[in-house]
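Engineer: Would you mind keeping the following structure in view while I ask a few things?
The values are calculated or read from the model by the stated rules, or taken from the named source; none is laboratory data. Note that this is a predicted model, so its numbers are computed, not measured. Reconstructed Cβ throughout: ideal geometry from the backbone, glycine too, with neighbour counts over all protein chains shown.
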């Protein structure tokens with residue numbers, strides 16, 4: 001068990017390193033000179049060379065990578081080309097808002113997904129089951145950026161119940177847990193929750209159906225165990241796989257929120273990314289991707305570490 | 001392009017003459033490294049086959065027996081060149097594999113029938129295609145190969161007009177194993193390794209397939225290495241029997257001789273575990289208890305000493321050499337009891353089976 | 001015992017085609033009995049026919065519009081599905097837009113299927129150090145949520161159809177490689193592969209005849225399950241301004257440019273999304289149907 005934890009922890013190192021290499025190379029696969037944006041148009045050849053040296057672009061790639069990595073490890077992700085401000089600060093401000101949105105969306109998506117999946121798996125091959133199955137396949141098929149627009153049309157434009165953009169009254173981007181702010185998060189969170197809800201419902205339904213059809217459940221029922229007891233058994237057996245799917249989806253929520261944040265002008269990393277794309281602000285793009293990917297690695301690690309604790313089968317492994 | 005294009009496949013010729021053993025296995029070793037730790041660095045190895053030597057004579061059937069995990073199957077895979085030999089020599093009719101013999105040349109003379117009749121047939125191929133595949137790979141024209149495949153199907157008892165176009169899942173286990181035998185025969189080998197080839201079959205089907213094997217052996221002049229955990233079956237089909245324990249050979253000898261006297265305590269225990277049809281012929285030796293030890297760290301000295309009734313100090317310290325049993329050179333066993341100079345208190349005793357009674 | 005490469009290949013081809021007949025026959029027989037999959041398949045085929053035959057369907061110009069005809073509602077004579085914010089015919093733009101969306105959605109999966117299968121089968125069959133290197137690189141790509149990866153590569157490469165194709169292909173290579181590697185490794189350990197090896201067939205022939213035939217269908221089913229994601233991602237990239245550039249019609253891009261119109265004509269603004277949604281739903285249902293139809297052996 002301990003060796004598993006240590007192995008899993010150490011495994012994070014090469015993966016994180018690979019992720020860093022990928023993010024570092026992003027700027028270098030981009031067409032054109034990364035300095036074009038900051039270079040004066042009439043710069044002489046010497047000025048250009050001086051500039052290149054100042055940014056370290058005259059050194060070989062591996063050296064550039066090590067310098068970049070060293071800076072990144074000390075929290076320096078370079079400066080945004082568009083604003084000139086440090087990328088790290090911009091990303092950290094935005095990440096908070098993205099996490100709040102992802103948290104709200106996972107609360108909705110996972111609870112409904114698990115509930116629906118459980119009900120459908122328990123009442124397999126009934127109309128309830130078919131309705132849930134239809135709902136979950138709709139959930140995974142719907143382009144959520146479009147769903148966001150539809151919800152805005154219905155609840156903001158037509159009914160006027162909820163605000164359509166922003167994260168708070170008066171364009172505030174500082175989140176507070178009050179009713180005023182919560183009204184702003186409802187639409188984006190619901191939109192974002194649809195895909196994970198569909199996937200989680202699908203997984204849980206299959207798991208519950210599988211376990212209920214197994215011999216040991218029949219044996220428990222034959223031994224006179226009540227419905228509640230059997231349900232407890234089912235839950236214990238469904239938990240580990242559900243947890244790993246939930247963990248994976250949690251990571252995907254961070255990525256999926258990019259488009260949703262654009263639709264709702266939510267001041268998070270997605271909004272930052274779409275600005276970076278629009279202004280071809282490569283350092284900002286690179287920094288944001290790096291932080292999000294490392295966060296995803298971290299979430300996966302957490303899930304892998306927690307999973308054996310809830311899995312009755314591998315406890316003694 | 002080969003000159004065999006358009007002709008039938010010929011069996012590889014007998015080169016060494018009848019006296020040359022078909023196979024000489026000399027000190028074969030095969031270790032499987034255990035991948036553990038972060039960077040897959042080896043931490044010990046499973047000694048699947050450790051220093052195994054034996055010969056297979058032309059035209060005989062050598063039976064190999066032992067508990068599961070004793071290295072029987074790995075030995076089979078070494079003989080047929082599917083597993084790499086870590087050290088030791090494999091000599092096929094006088095030619096050493098890797099020196100004067102390539103794997104392709106070895107496969108022209110040795111074929112194998114596997115235990116799992118289903119997994120050894122490509123589910124996407126009709127059985128005729130499966131049988132014809134090998135000869136075509138060796139340059140036989142498609143037409144000839146398919147004609148030969150249908151003849152072989154008939155020979156193993158599957159009417160080609162009914163079976164040729166079928167897929168493996170449309171056959172029974174016994175029928176599939178007949179196909180596997182036909183597939184091996186199609187390559188016109190001189191040696192066929194049968195790795196638990198009848199173990200998964202029903203008893204009645206097993207008997208039919210065994211009879212078929214005996215007929216084919218006579219008809220095609222084959223040599224068999226027959227691996228099984230079922231002593232009755234091995235006795236029926238074999239001329240000689242080799243007993244393996246934890247990757248080593250503990251006893252080898254002609255069937256009658258071995259049946260009369262089980263010189264190694266492990267052989268005795270193995271035979272004792274065999275259900276006897278005759279109530280008067282009860283064995284008094286208690287069967288083996290427990291599982292074999294971990295092959296990653298095999299016991300020192302004689303590997304059997306941890307489970308042996310006669311184990312003494314010498315057994316844990318010294319590895320016994322193979323010695324003739326009762327002066328019969330064809331019957332060898334590796335046990336200190338057989339060696340008068342070993343220091344074992346029972347050394348030189350008339351024999352274990354009788355010593356116990 | 002040497003056989004020329006051509007003969008070997010001939011044999012291989014003959015074997016594969018000859019052997020697959022029974023299997024595919026069975027798959028289609030099952031698929032025909034699945035009404036949902038059949039309906040979805042028909043819809044996808046109709047859509048494909050429409051977008052391929054678009055130039056011959058007597059549609060209006062999808063690119064030039066008329067400023068006085070802006071945002072006409074659905075059902076306007078001459079504009080069956082209305083007009084967009086620049087007065088261009090929506091029906092025509094939806095059909096032509098489907099061309100690019102489907103192309104950008106399906107081609108990356110196809111490319112990734114080819115590349116991922118090659119990598120995964122190689123890694124799974126050869127094993128050893130090659131396997132370790134390939135699969136560890138794949139692990140690194142798994143550290144990115146797919147949409148983040150697509151946006152990262154597209155964002156760095158810049159907008160454009162080719163860049164969008166490249167980035168989506170890269171997104172789908174790792175998962176397909178992983179599936180291909182694991183099916184290949186399990187087939188590799190089956191005894192019919194051993195039997196083929198000891199028949200003297202070279203590794204390429206063994207892979208082509210005995211491995212590919214048995215791993216392609218599971219990999220293919222997996223790849224089809226990615227098509228809907230790929231299409232949503234492709235449209236999403238255009239929606240972010242990373243895929244197709246205006247005035248070229250593409251569903252994701254149309255959805256973006258029509259966002260301003262949601263206060264005037266919400267139905268028109270929602271139409272491109274409806275198309276993405278329906279297509280992706282059909283792709284998912286068809287893939288599910290294919291998955292159960294291909295489970296011939298259990």
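Engineer: Just checking, which of C:293, C:270 is within 20 Å of residue A:263 (Cα to Cα) and either surrounded by fewer than 22 Cβ atoms within 10 Å (Cβ to Cβ) or facing chain A (nearest Cβ under 9 Å) (or both)?
Structural biologist: After applying the criteria, what remains is C:270.
Engineer: May I ask you to list the residues in region A:221-235 that are farther than 12 Å from residue A:122 by Cβ, surrounded by fewer than 16 Cβ atoms within 10 Å (Cβ to Cβ) and in contact with a helix residue (DSSP H, G or I) (Cβ under 9 Å, 6 or more places away or on another chain)?
Structural biologist: Answer for region A:221-235, where residues must be farther than 12 Å from residue A:122 by Cβ, surrounded by fewer than 16 Cβ atoms within 10 Å (Cβ to Cβ) and in contact with a helix residue (DSSP H, G or I) (Cβ under 9 Å, 6 or more places away or on another chain): A:221, A:225, A:229.
Engineer: Across region B:141-151, what is the total count of residues that are within 14 Å of chain C (Cβ to nearest Cβ) and either surrounded by 24 or more Cβ atoms within 10 Å (Cβ to Cβ) or assigned to a helix (DSSP H, G or I) (or both)?
Structural biologist: Looking only at that region, the number is 7.
Engineer: Also, quick follow-up: Spot the failing condition for residue C:162; the list is (1) within 12 Å of chain A (Cβ to nearest Cβ); (2) touching a helix residue (DSSP H, G or I) at 6+ places or on another chain (Cβ under 9 Å), and only one is missed.
Structural biologist: (2)
Engineer: Going by what's in this entry, would residue C:277 be described as surrounded by 23 or more Cβ atoms within 10 Å (Cβ to Cβ) and within 13 Å of chain A (Cβ to nearest Cβ)?
Structural biologist: So residue C:277 fails the test.
Engineer: Here is a further query. Against the condition away from every other protein chain (no Cβ under 11 Å) and in contact with a helix residue (DSSP H, G or I) (Cβ under 6 Å, 6 or more places away or on another chain), how does residue C:215 come out, does it pass?
Structural biologist: No; evaluated as a whole, the condition is false for this residue.
Engineer: Working only within region C:147-159, note down all residues that are facing chain A (nearest Cβ under 7 Å) and in contact with a helix residue (DSSP H, G or I) (Cβ under 8 Å, 6 or more places away or on another chain).
Structural biologist: Listed by number, the residues that qualify are C:147, C:148, C:151, C:152, C:155, C:156, C:157.
Engineer: Taking the condition more than 14 Å from chain A (Cβ to nearest Cβ) and surrounded by fewer than 22 Cβ atoms within 10 Å (Cβ to Cβ), does residue C:188 pass?
Structural biologist: yes
Engineer: Provide a single number: the residues in region B:113-125 that are surrounded by 24 or more Cβ atoms within 10 Å (Cβ to Cβ) and more than 7 Å from chain C (Cβ to nearest Cβ).
Structural biologist: Looking only at that region, the number is 2.
Engineer: Given (1) away from every other protein chain (no Cβ under 12 Å); (2) part of a strand (DSSP E or B); (3) under 25 Å from residue B:13 (Cα atoms), where does residue B:241 come up short, assuming only one miss?
Structural biologist: Here residue B:241 clears every test but (3).
Engineer: Go through (1) within 25 Å of residue C:244 (Cβ to Cβ); (2) away from chain A (no Cβ under 14 Å); (3) surrounded by fewer than 18 Cβ atoms within 10 Å (Cβ to Cβ) and name the single condition residue C:128 misses.
Structural biologist: Residue C:128 satisfies all of (1) within 25 Å of residue C:244 (Cβ to Cβ); (2) away from chain A (no Cβ under 14 Å); (3) surrounded by fewer than 18 Cβ atoms within 10 Å (Cβ to Cβ) except (1).
Engineer: Ok, one more. Hey, among C:238, C:287, which residue is more than 8 Å from chain A (Cβ to nearest Cβ), over 24 Å from residue A:150 (Cα atoms) and modelled with pLDDT of 85 or more?
Structural biologist: None of the other options fit; the residue is C:287.
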